[in-house]
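J.: Handing you a structure now.
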Amino acid sequence: MGCMLRAKWAEIIGQARQSVDFLKDQDVIRTVLNILQTNTSVASSLGTYFLPQISLIFLDMLNVYRMYSELISTNIAEGGPYASRTSYVKLLRSVKRETLKLIETFLDRAEDQPQIGKQFVPPMMDPVLGDYARNLPDARESEVLSLFATIINKYKATMIEDVPRIFEAVFQCTLQMITKNFEDYPEHRLKFFSLLRAIATHCFPALIRLSSEQLKLVMDSIIWAFRHTERNISETGLNLLLEMLKNFQASEFCNQFYRTYFVTIEQEIFAVLTDTFHKPGFKLHVSVLQHLFCLAESGSLTEPLWDVATVPYPYPNNAMFVREYTIKLLGSSFPNMTTAEVTQFVNGLFESRNNLSTFKDHIRDFLVQSKEFSAQDNKDLYAEEAAAQRERERQRMLTIPGLIAPNEIQDEMLDS
């Protein structure tokens, strides 16, 4: 940061220490925003070398963040929902967002040094995380979620101890915002699931330590995500689910987790697989089902998947239980199909479970011949094969001189 900007920042903070009202002036707020924006672009190019500079302003910056946040909340509380659209509140929020962006840019660009995380994460816990939880929904910045996703992706397992605190601050209050319908708070939606995915990937032991109520919240939110018709969100939900399934299978809580969630997950995946609204997710739906059918036959589960207290019939093994359950489930979803057809399909799932492409073809054939799909355009179900075919065709053309113009090849090299 240039000497002039540094001096200006020091002057503003000095004035604020004498009278905090100084920071409420619109021109001062604009200057603060300008200084932060300049810092963000410098942080982006300097990376780790920006450490001495950000260390100088970091704590003051968090104090300004906290104060502006309280100002926003007061304005919204007194002025109602319209207050959040006034130019004054928008300006204050710009400062909050730029602060988060500056911290995220620096941490993202700095070298992976755990002590940097140790220096910057603890002081943010209350001013940033606590503030998010305390705010009214309309005053919560989605950038808080992406900042903590960046932090976890960067510092990985060293963040395990902090996950409960992050979870407590953002989880339930964000879910309440995004699960009322499929439209509100689009920014929060995607960033929320990206944060959850970062936690599942790098801090899985922290998820195991959640209470059963909290884990149910996580699973409900994942199911809610893959029911979403917005492709980004449903794909993030499905990838997250696959990660959770694999991690739990390898953990000592395998039996407990699958006894609680196996049937629910199978039911929900078949629901989106067969409702004709989620065709772009076909490949991932198939991967989840393959995981479940392989698991049912594997030695990973050493206890029954069914509830022994409520199911009077003792199945000889989990595979038999899953087979019967799936036949019943699909029988009610596809009333036009005979029991024999459904049984044949389910048997085929077990037979082809170890070969993903056979398994996928088997499911696709079943869907395409069902009444629900037969009259529709099903190209999404073949998207993967179509992409592979296009690539083969392109490779073939590359071997024939003159078929592809050199500039097209260059454009592709730039794209990749």
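The values are calculated or read from the model by the stated rules, or taken from the named source; none is laboratory data. All of these numbers come straight from a predicted model, not from anything done at the bench. Here Cβ is always computed from backbone atoms with ideal geometry, including for glycine, and neighbour counts include all displayed protein chains. What goes into the accessible areas is simple: the full protein's heavy atoms, side chains included, and nothing from ligands, DNA or RNA. Shrake-Rupley method; radii C 1.70, N 1.55, O 1.52, S 1.80 Å.
J.: Stokes-Einstein diffusion coefficient for the stretch 214-367 at 10 °C in a medium of 1.306 mPa s, Rh from the Kirkwood formula over Cα pairs: what value in µm²/s? Don't skip to the end; give the middle numbers.
T.: Values: Rh = 16.0 Å.
Calculated translational D: 99 µm²/s.
J.: Another question about this same structure. What percent does the relative contact order of the chain come to when contacts are Cα pairs within less than 8 Å and at least six residues apart?
T.: Here the relative contact order equals 9 percent.
J.: Take the eigenvalues of the Cα gyration tensor for the stretch 294-349, scale each by 5, and report the square roots as semi-axes in whole Å, largest first.
T.: So the three semi-axes of the stretch 294-349 are 23, 14, 8 Å.
J.: Now for a separate question. What is the calculated FRET efficiency for Asp112 to Tyr313, with r their C-beta to C-beta distance and R₀ = 41 Å, to the nearest 0.05?
T.: 0.15
J.: Another one. Could you derive backbone 3J(HN,Hα) for the stretch 44-54 from the dihedral phi with the Karplus parameters 6.51, -1.76 and 1.60 (θ = phi - 60°), listing whole Hz in sequence and x where the residue is Gly or Pro?
T.: With the stated coefficients, the stretch 44-54 comes to 5, 8, 8, x, 4, 5, 7, 3, x, 5, 5 Hz.
J.: Still on this structure, please answer the following. Going by average Cβ neighbours within 10 Å, how do the peptides 37-50, 161-174, 308-321, 234-247 rank, with the highest at the top? Working shown, then result.
T.: Details: 37-50: 16.5, 161-174: 18.1, 308-321: 11.9, 234-247: 20.1.
So the order, starting with the most tightly packed, is 234-247, 161-174, 37-50, 308-321.
J.: Separate question: Please report, in whole Å, how far the alpha carbons of the chain spread along each principal axis, starting with the longest.
T.: Sorted from largest, the Cα extents of the chain read 82, 70, 43 Å.
J.: Excluding Arg392 itself, calculate the net charge of residues whose Cβ lies under 15 Å from the Cβ of Arg392, where each Lys or Arg counts +1 and each Asp or Glu counts -1. Mind showing how you got there, number by number?
T.: Working: positive: Arg390, Arg394, Arg396; negative: Glu384, Glu385, Glu391, Glu393.
Charge balance in the 15 Å sphere: -1.
J.: According to a simple spin-label model (label point 7 Å from Cα along Cα-to-Cβ), what is the distance in nm between Thr264 and Ser300?
T.: Rounded to a tenth, the inter-label distance reads 1.8 nm.
J.: Continuing with this model, one more query. Have a look at the stretch 1-54 and give its Rg and Dmax from the Cα atoms, expressed in angstrom.
T.: 12.2, 35
J.: How high is the FRET efficiency between Phe182 and Met4 when r is their beta carbon distance and R₀ equals 41 Å, given to the nearest 0.05? Could the numbers behind the result be given before it?
T.: Working: r = 48 Å, r/R0 = 1.18.
About 0.25, to the nearest 0.05.
J.: Something else: In terms of Cα to Cα distance under 30 Å, which lysines are near enough to Lys96, apart from those fewer than 8 places away along the same chain?
T.: Lys8, Lys24, Lys118, Lys154, Lys156, Lys180, Lys191
J.: Quick check: convex hull of the Cα atoms in the stretch 1-113, volume per residue, rounded to a whole Å³? Working shown, then result.
T.: On the way: hull volume 11.2 nm³, N = 113.
For the stretch 1-113, the hull spanned by Cα atoms encloses 99 Å³ per residue.
J.: Grab the Cα-Cα distance for Ala271 and Arg66, subtract it from 0.36 nm times how many residues apart they are, and report the gain in nm with one decimal. Could you put the intermediate results ahead of the total?
T.: Details: separation 205, 0.36 × 205 = 73.80 nm, distance 4.46 nm.
Once the chain is fully extended between Ala271 and Arg66, it gains 69.3 nm.
J.: May I ask you to derive the FRET efficiency for Tyr82 and Arg209 from their Cβ-Cβ distance with R0 = 60 Å, giving the value to the nearest 0.05?
T.: Numbers: r = 43 Å, r/R0 = 0.71.
Once rounded, the FRET efficiency stands at 0.90.
J.: Then there is this: Note the per residue figure in Å³ for the convex hull of the C-alpha positions in the stretch 226-305.
T.: On the way: hull volume 6.1 nm³, N = 80.
With only Cα atoms used, the stretch 226-305 gives 77 Å³ per residue.
J.: Follow-up. Tabulate in residue order the Karplus-calculated ³J(HN,Hα) for the stretch 157-162, using 6.51 cos²θ - 1.76 cosθ + 1.60 with θ = phi - 60°, rounded to whole Hz; enter x for Gly and Pro.
T.: 5, 5, 8, 3, 5, 8
J.: Would you mind computing, in nm to one decimal, how far apart the modelled labels at Ala250 and Arg165 are, each placed 7 Å from Cα along Cα→Cβ?
T.: 2.8 nm
J.: Would you please put 183-189, 287-293, 251-257 in order of how densely packed they are, using the mean number of other Cβ atoms within 10 angstrom per residue and starting with the highest?
T.: Ranking the peptides 183-189, 287-293, 251-257 by packing returns 287-293, 183-189, 251-257.
J.: Once you have the Kirkwood Rh of the stretch 30-79 from its Cα pairs, apply Stokes-Einstein at 10 °C and 1.306 mPa s and quote D in µm²/s.
T.: Values: Rh = 12.4 Å.
Diffusion coefficient, whole number: 129 µm²/s.
J.: Quantify, in whole percent, the carbon and sulfur part of the accessible surface of the stretch 1-159 (1.4 Å probe; protein heavy atoms only).
T.: 55 percent
J.: Which ³J(HN,Hα) values, rounded to whole Hz and listed in residue order, are derived for the stretch 336-352 from phi using the Karplus coefficients 6.51, -1.76 and 1.60 in 6.51 cos²θ - 1.76 cosθ + 1.60 with θ = phi - 60°, glycine and proline given as x?
T.: After applying 6.51 cos²θ - 1.76 cosθ + 1.60, I find 6, 9, 6, 4, 5, 5, 5, 4, 4, 4, 5, 4, x, 4, 5, 5, 9 Hz.
J.: With an 8 Å cut-off on Cα pairs and a minimum separation of 6 or more residues, tell me the relative contact order of the stretch 313-378 in percent.
T.: Rounded, it is 22 percent for the stretch 313-378.
J.: Taking only protein heavy atoms and a 1.4 Å probe, what accessible area per residue, in Å², does the chain have with all protein chains in place?
T.: 49 Å²
J.: Taking N as the number of residues in the stretch 106-201, what is its Cα Rg relative to 2.2 N^0.38 Å? Mind showing how you got there, number by number?
T.: Working: Rg = 13.2 Å, N = 96, 2.2 N^0.38 = 12.5 Å.
Compared with the compact-globule rule of thumb, the stretch 106-201 sits at 1.06.
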